[in-house]
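Below is one structure; the comments refer to it alone.
The values are calculated or read from the model by the stated rules, or taken from the named source; none is laboratory data. Quantities reported herein were computed from a predicted structural model and do not represent experimental measurements. Counting neighbours? That spans all protein chains shown, and the Cβs are built from the backbone with ideal geometry, glycine included. For accessibility, only protein heavy atoms count, side chains too; no ligands or nucleic acids. Shrake-Rupley method; radii C 1.70, N 1.55, O 1.52, S 1.80 Å.
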Amino acid sequence: MKSSDLFARAQGLMPGGVSSPVRAIKPYPFYTAGAHGPFLRTVEGQEFVDCCLGYGPLILGHAHDVVRQAIEVQLAEGWLYGTPCPHEIALADRICADHSSIEMVRFVSSGSEATMAAIRLARAATGKPDIVKIEGGFHGAHDAVLVQAGSGATTMGVPDSAGVVADLVRHTRQVAYNDPAALDAVLSSSEEIAALIIEPVMGNVGPVLPGENYLQEVRRITEDHDVLLIFDEVITGYRLGIGGAQKRFDITPDLTTLGKIIGGGLPIGAFGGRRDLMEMVAPQGPVYQAGTFSGNPLTMAAGAAALGWLHGHPEVYQHLDEGTKAIEDACEDADAGGSFVRLGSMFKYFFRAEPPKNYAEAKESDTTAFRRFWEKMLAKDIFVPPSQFETNFLSAAHTEEIIERIADAYRTCL
């Protein structure tokens, strides 16, 4: 069956015909029959070089042998217990060893669940009701963080989805990224702020990179105001290297949320941090958090295998950085008037003259031009995320030859 036929059927069964909004490509999405290495294969048999990689988790590429074998071994032993399993200890030990800020960790089933629990923990630990998030920062689809980005340096929360109670998100304030003065101002304005939650590198609108010393200032300001700092590293965790953005930029947050890569491509989330904070989580403390699929043995095995491979092949990070540099060089050759942003294996071409420093500037990008570009790339069998506001990724499976193919497509299509 063709993708168009499948989508027509799906529209009568699922809202918008999809399980997540970004997949609703017009006039219809392609349907994937299989994937291996750097490639996706559609139901029609067409093969795309994949620069989406499940929106970030697949740093080893699709169906990597090490991860697949770990899943197969565990599969033979069962895939859901409802009891603790040895794999979760191994994965927790790895994560804690890789992050000096994480002394204890709790596994959940998604990044959304991780940020929701981290915010609940921060409120409980401080006894304060309010949080601050970055304009345009995405921390999942739960009510407290579904807040529309506003104009100006700071805004009070306005629901960004029907069904979100305004009374709830009034406890969520916002500041612009790369604006430490705005952060200082909003924290100075209230004694009721429990935490700042921030993507150290904005991943869902870019990437948008932190300015020089910005994250250091964020840490200083939050400490000065006795506000907890939550680093949302669901995207950047293990993507920017062992230890994530916090190690790369030498920042120690109070709490960290992780997801994507740590599950080896299976559903996962985690939150962790200082021991005194994490000991407040049930059953050890009064902050309730629970989940049937938390610590799922398949996910734990896959995650442990993926992180083990990364530890055994640290040179992969240099390969990925050189790959995005080659694509950047191709974009400079094209001289199409936009701007290329990259950090490690994360990259994006913005249809905007200068790299954006925050959400408001990212929104100035020419989305009509991006759509034309995206269609041209797809015609050259290169799949990048179908939004100007989603990060592109490379994986260990993208060889130099494949990367040059991507670079040539950028050069031609721009």
- request: Work out the count of Lys pairs in the chain where the Cα-Cα distance is under 25 Å, with the pair 8 or more places apart or on different chains.
  value: 29
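Output the peptides 332-339, 169-176 sorted from most to least packed, where packing is the average of other Cβ atoms within 10 Å over each peptide's residues.
Taking the mean over residues of other Cβ atoms within 10 Å, the ranking is 169-176, 332-339.
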query: Per 5 Å bin, what is the whole-percent P(r) computed from every C-alpha pair distance within the range 109-245?
result: 2, 11, 21, 25, 23, 13, 4, 1
- prompt: Per-residue accessible area for Trp374 at 1.4 Å probe radius, Å² rounded to 10?
  reply: 10 Å²
task: Starting with the highest mean, order 376-383, 391-398, 95-102 by the number of other Cβ atoms within 10 Å, averaged over the residues of each peptide.
output: 391-398, 95-102, 376-383
query: Considering the dipole of the chain built from charges on the beta carbon (Lys and Arg +1, Asp and Glu -1) around the Cα centre, which of Pro355, His398, Ile382 is farthest to its positive end?
result: Ile382
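If you build the Cα gyration tensor of the range 345-385 and take the root of 5 times each eigenvalue, what three semi-axes come out, in whole angstrom, biggest first?
Equivalent ellipsoid semi-axes, largest first: 21, 12, 7 Å.
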message: Taking 8 Å as the Cα distance limit and 6 or more residues as the minimum spacing, I'd like the relative contact order of the range 319-370 as a percentage.
response: 27 percent
- line: Across the alpha-carbon set of the range 287-344, Rg over Rh with Rh taken as the Kirkwood radius works out to 1.27
query: Under the rule of -39500 (n - 2.57) per DSSP H run of 4 or more residues, summed and divided by the residues of the chain, what mean residue ellipticity at 222 nm is obtained, to the nearest 500 deg cm²/dmol?
result: -10500 deg cm²/dmol
statement: Taking Cα pairs closer than 8 Å and at least 6 residues apart, the relative contact order of the range 263-380 in percent is 16 percent
- prompt: Using the Kirkwood formula over every pair of different C-alpha atoms, what hydrodynamic radius in Å results for the range 232-349?
  reply: 16.5 Å
field: Neighbourhood net charge (12 Å Cβ-Cβ; Lys/Arg +1, Asp/Glu -1) for Ala245
entry: -1
task: Rounded to whole Å and sorted largest first, list the principal axis extents of the Cα atoms in the range 1-68.
output: 38, 23, 19
field: Around Ala33: net Lys/Arg minus Asp/Glu count, Cβ-Cβ under 11 Å
entry: -1
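For the chain, calculate the relative contact order in percent as a whole number, restricting contacts to Cα pairs under 8 Å that are 6 or more residues apart.
22 percent
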query: What is the sum of charges around Lys128, taking Lys and Arg as +1, Asp and Glu as -1, for the other residues whose C-beta is under 11 Å from the C-beta of Lys128?
result: -3
task: Place +1 on the Cβ of every Lys and Arg and -1 on the Cβ of every Asp and Glu in the chain, take the dipole about the Cα centre, and give the residue among Val316, Cys413, Val201 whose Cα lies farthest towards its positive end.
output: Cys413
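Work out, in µm²/s and without decimals, the Stokes-Einstein translational diffusion coefficient of the range 64-147 at 37 °C, 0.692 mPa s, Rh from Kirkwood over C-alpha pairs.
Calculated translational D: 207 µm²/s.
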task: Just read off the accessible area of Ser4 with the full protein assembly in place, 1.4 Å probe, to the nearest 10 Å².
output: 40 Å²
statement: In whole Å, largest first, the alpha carbons of the range 283-414 cover along the principal axes 57, 35, 26
